[in-house]
Amino acid sequence: MSAVALLAVVSLAAALAYALSERRAFERLDDAAAHQLELYAAVLDIELAKQADLPGLIDADGEIDALLEEPTDAVRRGAVNRRLLASVTDARGRIVASSDWYRPETRIDRLMPNEPCMGEALAGQEARRFAPDVATGAPEVCYARPLLRGGTTQGAVLVRVSLEPIEATWVDAAFRAESEKPLVVDAQGVVVMSSVPAWKRLSLPMLTLPERALPHGAELVRMRPAAADVHGPQVLHERPIASLGWRLLILSSASPVARDARAAAWGGAAIAGCLGLLAVVWWQRRRVVAQKLAAREALQRANDELEAKVRQRTDELMQAGKLALLGQLSAGISHELGQPLTALRALAENGRVLLERGRPQQAGENFATITGLAERMGRITSQLKSFARKAPADERCLPLQQAIANVQQLLAARLRDEHVMLRVDVPPTLQVRCDGYRLEQVLVNLMANAIDAMAGCERKELTISASPEAARVVVRVADSGPGIAPGLGERLFEPFFTTKPPGEGLGLGLVISSHIVRDFGGVLRAVSAPAGAVFEFDVAQAPTPLQGEPCSTDTTSP
């Protein structure tokens, strides 16, 4: 796991913790706001309900009917003024009685047909509307009821309910840190009541900038500059006031939500970081183990491939070496085959003449001689075929003397032409277990090298000996040549290194022979000798064959 992945996991954990904590905090805030909204709404409803039935009670008062008939009667007017908590107008909207007759806006005889609610009441309809105090701006609600007499409107009753005491309690509570801020907006979204006096008569869009919706109808808003000293994100909850068509709102600071969410995010990031580090350690350890296993497997595959290639190249080199050696032996072999062919032609011609002369017995002797020569040529070509063939290794039990005899037949022409004396000191019962063709290739290479090394020497003697040692048979090929120069013993087995003149050797014979002997489980080495050169190698010894045990007597294929 990389550092980027770990950072991504930690960031994701922090984000999830932040989101979960924020959601729970908003839910708690929503519950608290819903409770507070119910309390604020209940207080408003109680205050409004106290005066809601007053216009009807005034309408039922008999003194009002008398006053409407005699609006200039000072005695009746004074009696009604002392009992009223409202104002009464005639059909033209002129005040005929008022509980606060001493105030300019509600003085007696003042015309107020255009005042809030009066238009609807004089038209015969009940009205309820927000109407702030003209002088002080204090929030008030007016209730108006028409005075119907005989199906006609004789006047109206106007009751004003002040909400200033309620708003005063909101303003006092607003000074507490991070407290909710209640406000009331009318149907047009204009603030009519607020715990922050500066917000009154401003529209809600002038105060808040919506950011995103929250569950349960809440909304996260950002306060605009017009919101004065209220800053930071706020959560807006609302509840309708159906009786007036208003909406009661509460703005609650979202700072505690963000603070709790940040704390949860740090905690989640710390936990995820610790778990991530543990996972990194475990993953790194697992990766190291996997890399070691993969490297080991790759090394094993490479080793297997290399061994296969080495075996393939070795087989190819051995085949090339055999073919190269056959090229060197071709002159002698052609001589070995040329002489019998000449004799065959002469004997066949003599046989024909003898038959024509009626001497079948002598002709039969000629034909018998021809048969012997053909068998000799067949053995030579069979040895060539066996030596040159590219066949898989076939480990068999065979007499060592037989393998040496087969090689001697291949090299007979060179031994004779070079006047080399061959001595074979091998017990006739000595058996070896190996591939006969490959053993013959080793012997041919060593004997041919010995013949080449003795070129120009007066005494040319080639000795092949073998002796059992433990479970192995050590075969030695010694010549009477000049021997091996000091320092060249190790280089003789290097590929393409040769002591022969240019054009007379590839430098592969000993390399190929060394590989073959190694496959036999032995080692081909040059041995120090007082005179000449000695090469020896070891091969597995085969037990003396018992009655019925198969043991090859030749290395030719059937």
- Of segment 255-270, those with amide N under 11 Å from the point 7 Å along the Cα→Cβ vector of residue 211 are 255-259
- Item | Sorted by Cβ neighbour density within 10 Å, fewest at the top, the residues 199, 283, 246 | 283, 246, 199
- Message: Could you give each residue of segment 439-449 its phi-based ³J(HN,Hα) in whole Hz, using Karplus coefficients 6.51, -1.76, 1.60 with θ = phi - 60°, and x for Gly or Pro?
- Response: 5, 5, 5, 4, 5, 4, 4, 5, 5, 5, 5
- Query: Each residue of segment 533-539 in turn: what ³J(HN,Hα) in whole Hz from Karplus with 6.51, -1.76, 1.60 and θ = phi - 60°, glycine and Pro shown as x?
  - Reply: 10, 10, 10, 9, 8, 10, 9
- Query: Taking amide H positions as placed 1.01 Å from N in the peptide plane, with prolines and chain starts having none, which residues 5 or more places from residue 424, or on another chain, fall under 5 Å of its amide H?
  - Reply: 464
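Quick one: 237, 419, fewest Cβ neighbours within 10 Å first, how do they rank?
Least to most surrounded, the residues fall as 419, 237.
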- Task: Rank 268, 299, 196 by how far each Cα sits towards the positive end of the charge dipole of segment 176-325 (+1 on Lys, Arg Cβ; -1 on Asp, Glu Cβ) and give me just the farthest.
- Result: 299
- Query: Considering amide H positions built from the backbone, and no H for Pro or chain starts, which residues 5 or more places from residue 129, or on another chain, come under 5 Å of its amide H?
  - Reply: 142
- Using 0.36 nm per residue, how much length does the chain from residue 423 to residue 171 gain when fully extended, once their Cα-Cα distance is taken away? 77.5 nm
- How many nm separate the modelled label positions at residue 368 and residue 285, each set 7 Å beyond the Cα in the direction of the Cβ? 9.1 nm
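Since every read-out is calculated from the coordinates, none of them should be taken as a lab result. As the structure is a computational prediction, the values presented were derived from the model and not from experiment. Every residue, glycine among them, receives a Cβ derived from its backbone with ideal geometry; neighbour counts consider all protein chains shown.
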